[in-house]
Amino acid sequence: MTARLDLLRPTLDRYARRFHVLDLGGGVEPNQNIGQEIAREYPNAVVTVIEQNWTREKFEPSPHTMVLRRSFNAPDLERLSSCEHFDVVIAFNLIHWFEAGWQQAAEAISTMGDYVFVQIPTEVDVQAPGYGYIEAMLSYFKEHSECIGSTSQFPGHPPR
């Protein structure tokens, strides 16, 4: 997963003060959870991970991490964005799971932080949930954001 963190390092390295990270859909496998990796590597980071399938057995806790076990929908994200703000928001491999509500979720997430990092499937990732919306997502993010790179979630996973 370090390749994913390498893409974020230029932003994370800017923080000399304590900074707050929101990792949406952080994943349950240690090799998928970028929020945990940030919490371990950056002692000035406070990380909130939201993962619906979180289990204590697969999660390596850090003293700088809070985990919320929760399933959420696009309106939940809108409510969260109306009252919370983070320095960094990570939504890796998340938005396509909202299927038809992907744009509502993307717009809510984009207002939650100073720096927002999103990873979505590409056209070749035909097995991805929400595959029918990937072309629209790619167009939306090309218009509203900057691409900083492409990486895989784990070895053998399609690049995104």
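The values are calculated or read from the model by the stated rules, or taken from the named source; none is laboratory data. Keep in mind that this is a model prediction, so the values were computed, not measured. Ligands, DNA and RNA are excluded from the accessible area calculation, which covers all protein heavy atoms including side chains. Shrake-Rupley method; radii C 1.70, N 1.55, O 1.52, S 1.80 Å.
Side notes on the structure shown:
- Close amide-amide hydrogen proximity is noted between residue 89 and 22, 115, 116, 117, each under 5 Å apart and 5 or more residues distant or on a separate chain (H modeled in the peptide plane; Pro and chain starts excluded).
- Multiplying the residue separation of residue 76 and residue 131 by 0.36 nm and subtracting their alpha-carbon distance yields 17.5 nm.
- Overall, the accessible surface of segment 82-121 at a probe of 1.4 angstrom is composed of carbon and sulfur to the extent of 49 percent.
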